[in-house]
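Peer 1: My structure is below; once you've seen it, I'll send some questions.
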Amino acid sequence: MEKKFKVTYLYHSGFLVETERSYMLFDYWKGEIPSLEYKKELYIFASHAHRDHFSEDIFKLENRCEKVRYILSSDIKNSTRSWAKAENVHFMSPHESLDVDGAHVETLFSTDEGVAFLVETDGRSIYHAGDLHWWHWPGEPDEDNEWHRKAFQKEMTYLAGKEFDCAFVVLDPRQEEAGTWGMDYFLKTVRSRYIFPMHCWNNYRMIREYKVKNDAKYLTGQIMEITAPGQEFVLE
């Protein structure tokens with residue numbers, strides 16, 4: 001019998017991952033969090049302090065499970081004091097590692113703010129990009145766009161050859177044609193059994209079109225089609 005492995009899309013870049021032993025809540029901003037089994041451990045991750053990736057409401061979740069652990073980007077420490085009321089808070093900067101209970105966490109440098117997370121727990125490996133992405137904005141100076149390209153590709157070298165059970169990766173429609181470049185590069189570089197596009201600003205059509213075009217092109221994993229908040233994916 002396969003061990004439990006489920007992903008619930010909450011909103012934007014927010015996801016709840018459930019394994020046999022624990023929950024991992026990533027970049028919760030808004031959306032309905034499902035009921036949780038109290039005996040499981042809850043790890044709460046926030047990649048940076050931007051309002052579409054972080055809400056102080058996460059510090060109200062300490063009674064949802066018997067054990068709650070916060071793993072937060074170090075920039076959040078300076079953006080709010082709400083964390084001071086919570087227990088078991090760990091702050092991480094880029095390129096650090098942390099072992100907390102049964103989870104091993106590593107971070108990458110984000111090309112926007114904060115960090116990306118690599119998590120191993122309960123026999124599962126998970127990548128959440130936060131805002132680590134190939135940001136290329138039409139009309140911005142060439143040197144700025146070039147910096148983002150180089151910085152993003154440098155961080156991807158740390159992932160080259162790795163394999164994840166699931167990966168949450170940016171796909172941003174605001175960048176026009178450049179919005180897919182980061183996802184394209186990730187899929188060429190990294191293997192993940194399941195890939196969840198995120199940060200799409202409710203543009204679920206973009207996810208569908210990207211999946212139809214690329215599912216057979218990149219044989220690195222299955223691109224998941226997200227259609228609405230609250231959608232659940234039961235994975236193998």
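The values are calculated or read from the model by the stated rules, or taken from the named source; none is laboratory data. A quick note: this is a predicted structure, and the numbers were derived from the prediction, not measured. In this analysis, Cβ positions are derived from the backbone assuming ideal geometry, glycine residues included, and neighbour counts consider all displayed protein chains.
Peer 1: So, of the residues in the stretch 201-236 that are touching a residue at least 12 places away in the same chain (Cβ under 8 Å) and of a type in the set (Val, Ile, Thr), which turns out to be surrounded by the most Cβ atoms within 10 Å (Cβ to Cβ)?
Peer 2: 223
Peer 1: May I ask you to list the residues in the stretch 77-107 that are modelled with pLDDT under 95, closer than 17 Å to residue 67 by Cβ and of a type in the set (Gly, Ala, Ser)?
Peer 2: 86, 102
Peer 1: Applying the selection to the stretch 200-236, what residues are among the polar types (S, T, N, Q) and either out of contact with any helix residue (DSSP H, G or I) (no Cβ under 6 Å at 6 or more places or on another chain) or closer than 18 Å to residue 166 by Cβ (or both)? I'd like the intermediate steps shown before the answer.
Peer 2: Within the stretch 200-236, the subset among the polar types (S, T, N, Q) is 202-203, 214, 220, 222, 227, 231.
Answer for the stretch 200-236, where residues must be among the polar types (S, T, N, Q) and either out of contact with any helix residue (DSSP H, G or I) (no Cβ under 6 Å at 6 or more places or on another chain) or closer than 18 Å to residue 166 by Cβ (or both): 202, 214, 220, 222, 227, 231.
Peer 1: Another one. Scanning for something in contact (Cβ under 8 Å) with a residue 24 or more places away in the chain, in a strand (DSSP E or B), over 22 Å from residue 148 (Cα atoms) and not aromatic (Phe, Trp, Tyr), does the stretch 71-88 turn up at least one residue?
Peer 2: Scanning the stretch 71-88 turns up at least one residue that is in contact (Cβ under 8 Å) with a residue 24 or more places away in the chain, in a strand (DSSP E or B), over 22 Å from residue 148 (Cα atoms) and not aromatic (Phe, Trp, Tyr).
Peer 1: Would you confirm whether or not the stretch 168-184 contains a residue that is without any contact (Cβ under 8 Å) to a residue 40 or more places away in the chain, surrounded by fewer than 17 Cβ atoms within 10 Å (Cβ to Cβ) and either of a type in the set (S, T, N, Q) or touching a strand residue (DSSP E or B) at 6+ places or on another chain (Cβ under 8 Å) (or both)?
Peer 2: So far as the stretch 168-184 goes, no, none of its residues is without any contact (Cβ under 8 Å) to a residue 40 or more places away in the chain, surrounded by fewer than 17 Cβ atoms within 10 Å (Cβ to Cβ) and either of a type in the set (S, T, N, Q) or touching a strand residue (DSSP E or B) at 6+ places or on another chain (Cβ under 8 Å) (or both).
Peer 1: Out of 43, 38, 9, 28, report the one residue that is buried (at least 18 other Cβ atoms within 10 Å of the Cβ), free of Cβ contacts under 8 Å to residues at least 40 places away in the same chain and not aliphatic (A, V, I, L, M). Walk me through how you get there before you give the answer.
Peer 2: Numbers: 43 fails: free of Cβ contacts under 8 Å to residues at least 40 places away in the same chain; 38 fails: buried (at least 18 other Cβ atoms within 10 Å of the Cβ); 9 fails: free of Cβ contacts under 8 Å to residues at least 40 places away in the same chain.
Exactly one of 43, 38, 9, 28 is buried (at least 18 other Cβ atoms within 10 Å of the Cβ), free of Cβ contacts under 8 Å to residues at least 40 places away in the same chain and not aliphatic (A, V, I, L, M), namely 28.
Peer 1: Output the residues belonging to the stretch 135-152 that are out of contact with any helix residue (DSSP H, G or I) (no Cβ under 7 Å at 6 or more places or on another chain), surrounded by 12 or more Cβ atoms within 10 Å (Cβ to Cβ) and not charged (D, E, K, R).
Peer 2: 145, 147, 148, 151, listed by residue number.
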